[in-house]
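Just below is one structure, and these are the notes that go with it.
Values in this text are rule-based calculations from the coordinates and carry no lab data. What you see is a predicted model; the values in this text were computed from it and never measured. Cβ atoms come from the backbone with ideal geometry, glycine included; neighbour counts cover every protein chain shown.
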């Protein structure tokens with residue numbers, strides 16, 4: 001039908017524009033966060049734009065569902081407000097409106113599912129590896145070059161890098177020069193449980209205790225980040241780990257939200273012929289935002305059983321699905337004053 005194709009085109013165009021605007025705003029905010037992290041040495045300045053690129057799919061998977069219900073309301077509320085009599089005359093009910101957009105609904109759900117379950121998690125894991133790599137001890141070791149200011153929130157290390165490790169290493173575990181360790185040589189010892197810096201032929205200077213302690217070998221534990229590889233959705237579901245189950249539900253939460261909020265927005269937009277365009281769009285946006293808040297906030301750290309996680313996850317979706325059923329009934333329309341039903 002011509003009107004269905006016209007509406008689909010308008011919705012797609014508005015989704016693109018709204019996504020672009022929201023993505024630009026969120027990307028600017030993330031850029032400022034990376035700048036602040038670069039100032040304290042948590043990420044290298046040359047990796048900021050690469051990190052932005054890798055975390056962009058994560059931002060898009062969050063922005064896309066929001067853009068969908070905003071775009072649907074923006075397109076359909078004025079149509080129902082100004083052309084409701086023509087639509088009623090043509091027997092183009094909200095149900096037929098939804099059925100006419102079935103290809104669009106399936107396509108939007110498929111895009112959201114791909115973004116949230118595969119595309120976004122993969123690139124997010126790559127981005128997290130990039131940031132974690134910048135926070136390893138080896139990445140923080142710098143060559144001594146004149147007077148260098150000490151950064152807070154971690155130790156500052158200076159050494160000459162060699163094939164086997166480091167030479168003439170000196171590092172501070174505070175921002176003050178009152179305590180530091182010097183070693184002639186040092187290597188990073190990695191094991192399955194922990195990572196440590198093994199320093200040989202050095203000394204510890206501790207001004208607070210008025211002491212200098214010389215040693216032949218010292219093993220200093222390092223709080224190194226744990227690198228996580230991308231895990232498929234099927235592997236998360238089959239895993240016995242509670243954290244993997246939480247991530248499984250988190251990945252499928254946005255696609256389900258996107259689908260249900262899209263159906264709700266298509267059906268509720270028809271109420272603009274009674275409430276008016278502005279009130280309908282406002283109620284549509286507020287309801288979807290509250291639904292989004294409940295969707296995100298259902299994951300409690302204390303819940304570790306799969307059945308409890310599933311119940312907490314599906315409860316808000318079930319309630320919202322019931323709301324969709326209620327607004328689609330003729331009884332609800334008669335309640336708001338629709339005639340001829």
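For the pair region 1-34 / region 228-267, the C-alpha centres are spaced 22 Å from each other. Among 223, 312, 47, which one moves the most in a GNM of the chain with springs linking Cα atoms closer than 10 Å? With Cα springs under 10 Å in the chain, the top fluctuation among 223, 312, 47 is at 223.
Each residue, residue 283 and residue 203, gets one label point 7 Å from its Cα in the Cβ direction; the gap between the two is 7.9 nm.
Given in Å, the Rg to one decimal and the Dmax to the nearest whole number for the Cα atoms of region 139-222 are 12.6, 37.
Between residue 36 and residue 242, the FRET efficiency from the beta-carbon distance, with R0 = 30 Å, is close to 0.40. The fraction of all Cα pairs in region 194-262 landing in successive 10 Å bins from 0 to the largest distance is 16, 22, 18, 12, 16, 11, 4, given as whole percents.
Peptides 208-220, 257-269, 9-21, 225-237 ordered by packing proxy, namely the average of other Cβ atoms within 10 Å per residue, highest first: 257-269, 9-21, 225-237, 208-220.
For the chain, report the translational diffusion coefficient in µm²/s to the nearest whole number, using Stokes-Einstein at 20 °C, 1.002 mPa s, and a Kirkwood Rh over Cα pairs. Could you put the intermediate results ahead of the total?
Values: Rh = 24.3 Å.
Translational D for this selection: 88 µm²/s.
Extending 7 Å from the Cα toward the beta-carbon at both residue 114 and residue 28 defines two label points whose distance is 3.0 nm. What is the helix-to-structure angle for 242-268, meaning the angle in degrees between its Cα long axis and the longest Cα principal axis of the chain, kept from 0 to 90 and rounded to the nearest 10? Roughly 30 degrees between the two axes.
Between the helical axis of 102-114 and the longest alpha-carbon principal axis of the chain there is an angle of about 10 degrees.
The long axis of helix 2-39 is offset from the longest Cα principal axis of the chain by roughly 20 degrees.
Label-to-label distance for residue 211 and residue 129 is 4.3 nm, based on points extended 7 Å past Cα in the beta-carbon direction.
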